[in-house]
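Below: the structure, in structure tokens.
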Amino acid sequence: MNEINNELKQILMLIFLDLDGTLINTVHPDWKPYKDGQKDYPVSQIPIFTGVKEFIASRKAKGDFLAIVSDSHPRYVNPISEMLGVEALSLTDKPNNKKILEFLDSRPQYKQMVAEGNCLMVGDTKLDIELGRRIGALTCWILPYLITKDIKDERDGIGDEMASKKMGPTFTVKTFAEIEEIIDFPLNNLYSIESSFAGGQSLKAIRFSDNKYKDGSYACIRCLARQEQGECDKYARADKYYLMSNPNRTDELLQKLANGISSFINQPAVQEQGWDYFTYLTDKASTVPTNKMKAIFDLVQTSIPKIELLKWNDNTQGSLRNRNLYNERKAFLEQFLTVSVPKEKVIDLFGGETEQLISIQEKNIIVLDDQLTTGATAWHVIHKLKEKGAKNILFIAMFQMVLAVNNNDVICPRCGKPMIMKIRRSDGHRFYSCTPPEYRGDGCGFIIDIQN
Ligand SMILES: [Zn+2]
């Protein structure tokens, strides 16, 4: 009987909610004096976003705990939190995690929920996402308002969609109804490769870029998992990114990567765009393991014809990885990565067999690559294919490298310096490092293993 009860018991969540721009429509600079606590605002007239009250009521009914986390002044935050019926932290100075850690220390039950991974941070800026990552929470980036010139704020990154995406939120949504769905079914709402490794199945991708051309054609870039640096939630998959390059990688790893890709490209919304070819960035002669990409590409289940269109020159020297600047990468790509159209057998007028080059003129093409960092490779490939007459292009990177987040909370027991979370490339194992000078740190080299 106990077992059954445990199974039926729903996992309770601790939900941290940013206030301005997330729950209420107060991103305009006119709100500043109120946020700073200089003037009172009639709380009944605060513009609450659609679905917020319903969301709060529904989550409370399901037993979840909610708290506002705001940089604004308590004189402004407290009346709103009382009206909404949730707890509140104010003057938090995001992404500083001091206030939130103090808050958790005073509520052992909440602290336990964070430790068990049952905590979600919801917000509209990169600072909310960064703070969430620093405490190991799942993060949800929401944009419930229209970005206009007068609300852009460099410092807080308000209205900077790209900055928020590069911070690597676990989920991206537009409405509170979507957050409800995420909390109830998290595994099926992760990005598709992350979901594949977590035991779910998902159609979701990080929408990195969308570009429309004058002739009506388009190119989009999508990523299917996050490759984190430093602190992040448990679903980010830098470990699998490194394991992919290990010569001893398992068939299971390759299959899970391929399953994530298949699940994304086989969904109706992608299929109905009508794709002519599925291709990938072929492996360089020097790539280890050999067939690093080909093995995964071959395992992807699709009815779209697979062809090899993109080739690294045989004399490719060095690697993109050592080139960090966009322009350096671009020059490298110009020199070594080319579109090389294969031949196909056709029947000629007299019934004989002959070979001719496949035409990609007006063709819609899906391209698979392993990793997206600056986007230089993606745009180079898109540009080259468009030059050869291709129409729509969907560029899929298995992993998106997201920004590094270090919380400086773990102190080296040997020398007292803050330690950084790292991932061992050979096996994807996580550890804290007091990084020594030979790895461009100023620490003593002490290491603390993290039990995965
Ligand atoms: Zn040390």
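Which strands (runs of 3 or more DSSP E) does the stretch 268-368 wholly contain that include 2 or more residues that are closer than 30 Å to residue 250 by Cα and either more than 26 Å from the chain's Cα centre (by Cα) or not assigned by TED's automatic domain parsing to the domain that holds residue 255 (or both)? Before you say what the answer is, go through the steps one by one.
Values: elements: 277-280, 310-312, 337-339, 343-347, 353-357.
Passing ranges, in order: 310-312.
Can you tell me which residue is nearest to residue 367 (Cα to Cα) among those in the stretch 418-443 that are in contact with a Ser or Thr (Cβ under 9 Å, 6 or more places away or on another chain) and within 16 Å of the ligand (Cβ to nearest atom)? So that I can check it myself, show each step before the final result.
The first filter runs over the stretch 418-443 and keeps only residues in contact with a Ser or Thr (Cβ under 9 Å, 6 or more places away or on another chain), leaving 419-422, 425, 439, 441-443.
If we keep only those that are within 16 Å of the ligand (Cβ to nearest atom) as well, we get 419-422, 439, 441-443.
Details: 419: 39, 420: 35, 421: 33, 422: 30, 439: 35, 441: 37, 442: 41, 443: 42 Å.
My answer is 422.
Which one is surrounded by the most Cβ atoms within 10 Å (Cβ to Cβ) among residues in the stretch 399-417 that are more than 10 Å from the ligand (Cβ to nearest atom) and not in a strand (DSSP E or B)?
From the stretch 399-417, those more than 10 Å from the ligand (Cβ to nearest atom) are 399-410; that's our starting set.
Within this subset, residues satisfying the condition of being not in a strand (DSSP E or B) are 406-410.
Details: 406: 15, 407: 20, 408: 12, 409: 13, 410: 17.
Applying the filter and picking the extreme gives 407.
I'd like the full set of residues that are touching a Ser or Thr at 6+ places or on another chain (Cβ under 6 Å) and hydrophobic (A, V, I, L, M, F, W, C), limited to the stretch 191-244.
If the condition is that a residue be touching a Ser or Thr at 6+ places or on another chain (Cβ under 6 Å) and hydrophobic (A, V, I, L, M, F, W, C), then 221, 224 are the ones that fit.
Is there a residue being surrounded by fewer than 20 Cβ atoms within 10 Å (Cβ to Cβ), of a type outside the set (Phe, Trp, Tyr) and within 15 Å of the ligand (Cβ to nearest atom) anywhere in the stretch 382-396?
No: zero hits.
For the stretch 259-290, which residues satisfy the criterion of being in contact (Cβ under 8 Å) with a residue 40 or more places away in the chain, among the hydroxyl-bearing types (Ser, Thr, Tyr) and surrounded by fewer than 20 Cβ atoms within 10 Å (Cβ to Cβ)? First the steps, then the outcome.
Quick first cut of the stretch 259-290, residues in contact (Cβ under 8 Å) with a residue 40 or more places away in the chain only: 259-265, 267, 269-270, 273-281, 288-289.
Then drop every residue that is not among the hydroxyl-bearing types (Ser, Thr, Tyr), which leaves 262-263, 277, 279-280.
Across the stretch 259-290, the qualifying residues are 262, 277.
Can you tell me how many residues within the stretch 430-452 are at pLDDT below 90 and in a loop (DSSP other than H, G, I, E, B)?
Of the residues in the stretch 430-452, 5 are at pLDDT below 90 and in a loop (DSSP other than H, G, I, E, B).
Residue 333 passes all but one of (1) out of contact with any strand residue (DSSP E or B) (no Cβ under 6 Å at 6 or more places or on another chain); (2) under 30 Å from residue 435 (Cα atoms); (3) in contact (Cβ under 8 Å) with a residue 40 or more places away in the chain; which number fails?
Condition (2) is where residue 333 drops out.
Looking only at residues in the stretch 143-172 that are modelled with pLDDT of 95 or more and of a type in the set (A, V, I, L, M, F, W, C), which one is surrounded by the fewest Cβ atoms within 10 Å (Cβ to Cβ)?
171
Do we have residue 344 as within 21 Å of residue 377 (Cα to Cα) and either among the charged types (D, E, K, R) or without any contact (Cβ under 8 Å) to a residue 60 or more places away in the chain (or both) here?
Details: within 21 Å of residue 377 (Cα to Cα): no; either among the charged types (D, E, K, R) or without any contact (Cβ under 8 Å) to a residue 60 or more places away in the chain (or both): yes.
No, not satisfied.
Return yes when residue 210 is surrounded by fewer than 17 Cβ atoms within 10 Å (Cβ to Cβ) and either in contact (Cβ under 8 Å) with a residue 12 or more places away in the chain or closer than 23 Å to residue 287 by Cβ (or both) and no when it is not. Quick ask: steps written out before the conclusion?
On the way: surrounded by fewer than 17 Cβ atoms within 10 Å (Cβ to Cβ): yes; either in contact (Cβ under 8 Å) with a residue 12 or more places away in the chain or closer than 23 Å to residue 287 by Cβ (or both): no.
So residue 210 fails the test.
How many residues, within the stretch 388-411, are over 22 Å from residue 128 (Cα atoms), touching a residue at least 24 places away in the same chain (Cβ under 8 Å) and more than 17 Å from the chain's Cα centre (by Cα)?
7
The values are calculated or read from the model by the stated rules, or taken from the named source; none is laboratory data. Every value quoted in this text rests on a predicted model; they were computed, and no experiment measured them. Neighbour counts run over all protein chains shown; Cβ positions are idealised from the backbone, glycine included.
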